[in-house]
Amino acid sequence: MVLTVDIGNSNIVIGAWDNDALQFTGRIQTRRDYTEDELMTSFEELLGDIQSNMTSDTDEKSDDHKFACAFEGAILSSVVPEITDVTLNTLEKITGKRPLLMGPFLHTGVDISDYAPGAIGTDRIVDLSAALAMYGAPVMVCDLGTCTTITVAGGLDSEDMNSDDGYDKSGKRYMGKLIGGMICPGVQLSLDAEAQRASQLPQLTAGKVDSLLGKDTASNMMSGAVAATGLMLSELADRLKDGTYTGMEIRTLPDLKVVITGGLAQYVIPWIKCSAEVHYEQDLLLRGLYEIYRCNS
């Protein structure tokens, strides 16, 4: 098995993979003052079912490595540097091997040579790696979280590759090439901003929208944040797919797939109506970490 761990600002999410299948997911609250012992206790509680299914010879291992026979390794992605090293040390105790840390030195299977160096979040590259592995290029990944991030990859430039299989001159395999993207205010962020900047608008929590046009202030705001996000993504996908855009020098993406992830996706997806295939992947980030682990192990 392979452990994939993502440290976000709110939660630490952990997934266990076996033969390309996600066998387990769990989460704990992110704290910036975790000790190794506290993290180990929390991870052991999450992984309890896996531990109970281990063979009896596991009991002979030391406490620091009692999970080692179950996991061949781990990979970590983190946006909370205060506990990155603590988590790496904890995962090393669990697996018996030093984990991979998501960063610019890992091969992701995504060609980013046309993008500004160091100017894209690693979480977006991880999501894109997963989407390319699952659905192939071209693909548009939409992560509906605090911000709505849109990341688009197309096919590979043949002149940069040695073969049709996507191997470059150094022998690394690529699945697609990053074209570009957008960062937009997230659904909840939009609602929060309206309430903070307009004195007569109420504070709302993102939720389901049944009608495109609201009948009162609250439903107007909700539709403007939720339904409008779906309409924006729909229009963007159609423009990329059929080439009816302006001011961009990119090729048409007739076989475009749209992959949706993120905590607010459930509210927005009903409002996405486009000619491209649309897929929802709740565990896209964990899948991306697994793919990147395989690329580098």
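If you go through the stretch 8-49 and keep only what is in a strand (DSSP E or B) and polar (S, T, N, Q), you end up with 11, 23, 25, 29.
For residues in the stretch 39-69 being over 30 Å from residue 104 (Cβ atoms) and hydrophobic (A, V, I, L, M, F, W, C), which is modelled with the lowest pLDDT? Filtering the stretch 39-69 for residues that are over 30 Å from residue 104 (Cβ atoms) and hydrophobic (A, V, I, L, M, F, W, C), the one modelled with the lowest pLDDT comes out as 54. May I ask you to list the residues in the stretch 75-108 that are under 11 Å from residue 39 (Cα atoms), out of contact with any strand residue (DSSP E or B) (no Cβ under 7 Å at 6 or more places or on another chain) and hydroxyl-bearing (Ser, Thr, Tyr)? Passing the criteria: only 90.
Scan 198, 206, 218 and give me the residue that is under 22 Å from the mean Cα position of the chain (by Cα) and not polar (S, T, N, Q). Answer to the selection: 206. Between 257, 241, 208, which is basic (Lys, Arg), surrounded by 15 or more Cβ atoms within 10 Å (Cβ to Cβ) and at pLDDT 95 or above? Selected residue: 257, the only one of 257, 241, 208 that is basic (Lys, Arg), surrounded by 15 or more Cβ atoms within 10 Å (Cβ to Cβ) and at pLDDT 95 or above. Of everything in the stretch 268-288 that is in a helix (DSSP H, G or I) and out of contact with any Leu (no Cβ under 8 Å at 6 or more places or on another chain), the residue that is surrounded by the fewest Cβ atoms within 10 Å (Cβ to Cβ) is 270. Total residues in the stretch 154-188 satisfying the condition of being modelled with pLDDT under 85 and either outside any strand (DSSP E or B) or on the phi > 0 side of the Ramachandran plot (or both): the figure is 13.
Would you confirm, using the coordinates I've provided, whether residue 123 is in contact (Cβ under 8 Å) with a residue 60 or more places away in the chain, touching a Gly at 6+ places or on another chain (Cβ under 9 Å), surrounded by fewer than 16 Cβ atoms within 10 Å (Cβ to Cβ) and under 20 Å from residue 141 (Cβ atoms)?
Details: in contact (Cβ under 8 Å) with a residue 60 or more places away in the chain: yes; touching a Gly at 6+ places or on another chain (Cβ under 9 Å): yes; surrounded by fewer than 16 Cβ atoms within 10 Å (Cβ to Cβ): no; under 20 Å from residue 141 (Cβ atoms): yes.
No, not satisfied.
Selection of the stretch 107-153 for residues being part of a helix (DSSP H, G or I), under 28 Å from residue 191 (Cβ atoms) and of a type in the set (Gly, Ala, Ser) yields only 131.
The values are calculated or read from the model by the stated rules, or taken from the named source; none is laboratory data. Please read these numbers as outputs of a predicted model, since none were measured by experiment. In this analysis, Cβ positions are derived from the backbone assuming ideal geometry, glycine residues included, and neighbour counts consider all displayed protein chains.
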